[in-house]
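The values are calculated or read from the model by the stated rules, or taken from the named source; none is laboratory data. What you see is a predicted model; the values in this text were computed from it and never measured. Neighbour counts are summed over all protein chains in view; Cβ atoms, including those assigned to glycine, are modelled from backbone coordinates with ideal geometry. In case anyone asks, the SASA skips ligands and DNA or RNA and just uses the protein heavy atoms, side chains included. Shrake-Rupley method; radii C 1.70, N 1.55, O 1.52, S 1.80 Å.
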Amino acid sequence: MTVSRTLRIAATTATVLALAACGSGNDDAPTTSAENPAPDLRSAPAELAWREVAGVSVPTSRVDGPDTRTSVNRSGYSQTPQGAVLAAINGQTALAVADDRAWPEVVNTVTAPGPGRDEFAAARIAVTVSGSVPAAAAPKFVGFEVTDYQSDPLSAAVSVAQTIGSDNQIYSYPVALQWIGDDWRIVLPTAEENIDAVELDSLDGYTTFERTA
């Protein structure tokens with residue numbers, strides 16, 4: 001099975017490109033104080049740069065991560081909303097494009113333990129991924145909204161906006177993350193949760209990514 005086909009399957013089954021959200025609500029927003037100011041949920045990652053991973057252009061930052069990377073597997077993000085955004089995009093891209101040899105290490109690096117991870121691993125064994133994503137099928141990440149950010153325990157929910165290939169329709173999908181050990185980890189949903197991408201009419205309310213290259 002080609003990587004582009006795997007990407008489409010992942011999008012429709014909510015195992016890679018559509019991930020579970022932590023939930024949102026102003027009642028549970030982090031408390032603000034002079035010593036503990038509210039986190040910045042709106043700013044884009046600092047010093048944004050773009051790198052290609054198997055045909056998919058992903059955002060990176062010298063400030064917010066990742067600070068450790070191989071051709072596919074990436075880790076080491078800042079303990080901030082911006083770090084969570086980059087972990088969400090880079091992590092799920094890695095899940096989608098990692099080949100048959102690399103994917104077990106990728107899963108262990110970028111996802112949190114749980115039933116969603118177990119289901120993904122069981123499904124991934126049944127397919128073969130190789131090569132790069134064709135330009136006509138590659139996602140283009142255009143913006144994000146941090147919909148929830150909790151400090152105890154540290155977790156985040158990020159809505160990632162993208163287009164696919166030459167299609168100008170914008171799609172958004174929710175990604176849940178937890179801070180485990182010393183890094184952000186994606187919390188994969190189960191099939192029963194039935195998380196899916198939605199179409200957007202505009203990027204109103206989203207922070208957009210700038211592309212200089």
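Peptides 132-145, 195-208, 84-97: what's the order by average Cβ count within 10 Å, highest mean first?
84-97, 132-145, 195-208
Could you work out the local net charge near residue 173, counting Lys and Arg as +1, Asp and Glu as -1, over the other residues with Cβ closer than 12 Å to its Cβ? Spell out each step's value before the answer.
Details: positive: none; negative: 145, 196, 199.
Net charge in that neighbourhood comes out at -3.
If you take every residue apart from residue 63 with its C-beta less than 13 Å away from the C-beta of residue 63, what net charge results, scoring Lys and Arg +1 and Asp and Glu -1?
Numbers: positive: 62; negative: 40, 47, 64, 67.
Charge balance near residue 63 sits at -3.
Go through 171-178, 109-116 and give me the packing order, highest mean Cβ count within 10 Å leading.
Values: 171-178: 23.9, 109-116: 19.0.
Going by the mean number of other Cβ atoms within 10 Å, highest first, we get 171-178, 109-116.
Could you compute the net charge surrounding residue 206? Neighbours are other residues with a C-beta less than 10 Å from the C-beta of residue 206; K and R count +1, D and E count -1. Each step should come with its number before you reach the end.
Details: positive: 42; negative: 145, 204.
Counting the neighbours of residue 206, the net charge comes to -1.
May I ask you to evaluate 6.51 cos²θ - 1.76 cosθ + 1.60, the Karplus curve with θ = phi - 60°, for each residue of region 139-155 and list the ³J(HN,Hα) values in order in whole Hz, giving x for glycine and proline?
x, 10, 7, 10, x, 7, 9, 7, 8, 7, 8, 10, 9, 9, x, 5, 8
What's the carbon and sulfur percent of region 26-167's accessible surface, probe 1.4 angstrom, rounded to a whole number? Walk me through the intermediate numbers first.
Numbers: 3210 of 6550 Å².
Here it works out to 49 percent.
Against the 2.2 N^0.38 Å scaling, with N counting residues, where does region 46-102 land? I'd like the Cα-based Rg ratio to two decimal places.
Cα-based Rg divided by the globular estimate yields 1.04.
With the convex hull built on the Cα atoms of region 75-150, state its orientation-averaged projected area in nm².
The directionally averaged projection comes out at 6.3 nm².
Given charges of +1 on the Cβ of Lys and Arg and -1 on the Cβ of Asp and Glu, with all other atoms neutral, how large is the dipole of region 70-131 about its Cα centre, in debye to the nearest 20?
Dipole of region 70-131, to the nearest 20 debye: 120 debye.
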